[in-house]
Amino acid sequence: MMEAFLSGLDILFAPQVVVALLIGSIGGVIIGAIPGVGPAVAIAILLPATFSFEPIVGLTMLLGIYGSSMYGGSLPAILINTPGTAVNALTTYDGHPMTKRGHALRALGLAYGASFFSGILSILALILLTPLLAKIAPHFGSREIFLAALLGIVLVVIAHRGQTFAAGSLAAFGIFLGTVGLEPVKYTQRFTFGLDFMNSGFDLIVVVLGLFALSQAFMLLTQPDHAPKGQLLEGNMFRSMFRVFRHKRVASVGSGFGVIMGMIPGVGEFTAQFLSYTYAQKSSKTPEEFGKGSEEGLVAAESANNAVPAAAMIPLLALGIPGEALTAMMLTVFYVHNVVPGPALFRDSMDFIYALYIAMILLNVIVVIFVCFSSNILMKIIQIPTRFLGMVILTLSFVGIYSLRNSATDCAIAAAFGVMGLILKRQNLPIVPIILGMVLGGIMEVKLRSAMARVRDPLDFVDRPIAAGLAIAIVLLIGFHIWGVVRERRYSEPETSHDHDIHDSQQS
């Protein structure tokens, strides 16, 4: 154990890994602070470049961007009421009212302190829980992995409450995209329509860059140009950060929600934030202050969202199943270098695992030091005109796409998915189900084919305890979701008919 730990330190402190850690952590803060970019766009752009690095270098950089972007996203959310990343939207509820009352430094200190507190707690959860899950993983055969991936799809769909049909359709579309090209067993052509370039199917990175990066570039270029204005901060940021310990109960519960929701595929930051914020408000002695500048509300939101990145790595490292789009992108870094997440990784490469753990802890330390001394500099960076930002994203995206295979066809396909992503964003429809459908659909197909060779009837598929448990969980989740939808409609129908009766009586 100690030998693996020391070996992990050797891996981590190699010059290229240290540089990747600094670029990822500091770059993530800057990216998170610029409204309109976000970690998904940045990771999508950088992903092709990481394939030429060692796995630990690429993953350290991407994890740095993922984890630190939420620190940066709280800066514009608090100071100019514009969330830097989508998950910082709830931060504006209490952060900006504090700024308007003249407590901007305190609000930022609380946000950074809560993010650091939850980030360290979630990494401890990752260190403790991932080996346990990896020990259970050898009991996962083909049918169990298929059912786990199917459970992930179901969770992704029902997590989009109010958009279940759209999310399900888009997930199915993602699964379909994964079937285009040569199928993985007999190498027969599927949905290629005689076009040679379709034989290789739709590359996940091309689709990711189109749906996330190009769509965001198109969005910024088609909107009116503007540059946010900010204010300078004065005071001791470290002292303000320590105020989070006045709300350690709220921070601990928020971190717990973040860890649990991060481990469940398809749920993520928004659900964790909602549960954390609701708990904080209901348990607060001053619930009336929430939404008007409550310190507890701000801590609840920031502690929940920053606990998710490390927790999302638990199913990825232990089972090879990504929980959301960003970890799905990271999974491709593993696959490119023939590193397979799961029990074998913990058995044969514990030094790599330790290096990853230490890198995530150092990431949070570097980010906290950086944001404490650079908030005023970041305020100048976020005042970039949005159309200029859109052109930068567009250019970098096409450079990244072309560098994959030197293919103009890939650029055209990515542009088409960029237009599709723009339409989905304009209609407020989710993009994540498409990516998870592509990733989990490929896993499901291979494992289903492997499992069917040993299955004689449908009951054989669930004749083992883990498989049966997963199947029951899928049925119960679908059943409870349908029951919830029916119940909501039952309650809404009497209210609607009552409103019509009142309207009719008024007319008469």
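Computed from the Cβ-Cβ distance with R0 of 56 Å, the FRET efficiency linking residue 172 to residue 16 stands at 0.85.
Heavy-atom accessible area, probed at 1.4 angstrom with all protein chains present, ranks 488, 183 as 488, 183, highest first. The order of the peptides 353-365, 435-447 by mean Cβ neighbours within 10 Å, most packed first, is 435-447, 353-365. The separation of region 60-120 from region 448-492, counted between C-alpha centres, amounts to 39 Å.
Here's the picture: a label point sits 7 Å out from the Cα of residue 468 along the beta-carbon direction, and within region 143-165 the residues with their amide nitrogen under 15 Å of it are 144.
Lysine pair count for the chain (Cα-Cα distance under 21 Å; residues 8 or more apart in sequence or on different chains): 10. Given a 1.4 Å probe and the protein chains as shown, residue 405 ends up with an accessible area of around 110 Å². Straightening the chain between residue 289 and residue 200 buys 26.4 nm, computed as 0.36 nm per residue apart minus the Cα-Cα spacing. Multiplying the residue separation of residue 416 and residue 124 by 0.36 nm and removing their Cα-Cα distance gives an extension gain of 100.9 nm.
Per-residue SASA remark: residue 157, around 20 Å² accessible (1.4 Å probe; ligands, DNA and RNA not included).
Computed on region 1-454, the Cα convex hull volume stands at 143 Å³ per residue.
Electrostatic bookkeeping for residue 352 treats Lys and Arg as +1 and Asp and Glu as -1; over the other residues with beta carbon under 13 Å from its beta carbon, the sum is -3.
Modelled spin labels at residue 344 and residue 51, positioned 7 Å past Cα toward Cβ, are 2.1 nm from each other. Across the chain, the mean sequence separation of Cα contacts (distance under 8 Å, 6 or more residues apart), normalised by length, yields a relative contact order of 27 percent. Taking label points 7 Å from Cα along the Cα-to-Cβ direction, residue 450 and residue 192 give a separation of 2.5 nm. 3J(HN,Hα) along region 58-71: x, 5, 4, 5, 5, 5, x, 5, 4, x, 7, 4, 6, 4 Hz, from the Karplus curve 6.51 cos²θ - 1.76 cosθ + 1.60 with θ = phi - 60°, whole Hz, x for Gly and Pro. In order along region 391-398, the Karplus-derived 3J(HN,Hα) couplings, from 6.51 cos²θ - 1.76 cosθ + 1.60 at θ = phi - 60°, round to 5, 5, 4, 4, 5, 5, 5, 5 Hz, and Gly and Pro are given as x. Computed 3J(HN,Hα) for region 102-107, one whole-Hz value per residue from the Karplus formula 6.51 cos²θ - 1.76 cosθ + 1.60 where θ = phi - 60°, is x, 10, 4, 4, 5, 5, glycine and proline marked x.
Compared with the alpha-carbon gap, the fully stretched path from residue 407 to residue 486 is longer by 23.5 nm at 0.36 nm per residue. Heavy-atom accessible surface of residue 139, to the nearest 10 Å², is about 130 Å², with a 1.4 Å probe and all protein chains retained.
Accessible surface ranking for 348, 225, 1.4 angstrom probe, highest first: 348, 225.
The values are calculated or read from the model by the stated rules, or taken from the named source; none is laboratory data. This one's a predicted model, so the numbers in the text were calculated from it and none came from an experiment. Cβ: placed from backbone, ideal geometry, glycine included. Neighbour counts: every protein chain shown. Heads up: the accessible areas ignore ligands, DNA and RNA and are worked out on the full protein's heavy atoms, side chains in. Shrake-Rupley method; radii C 1.70, N 1.55, O 1.52, S 1.80 Å.
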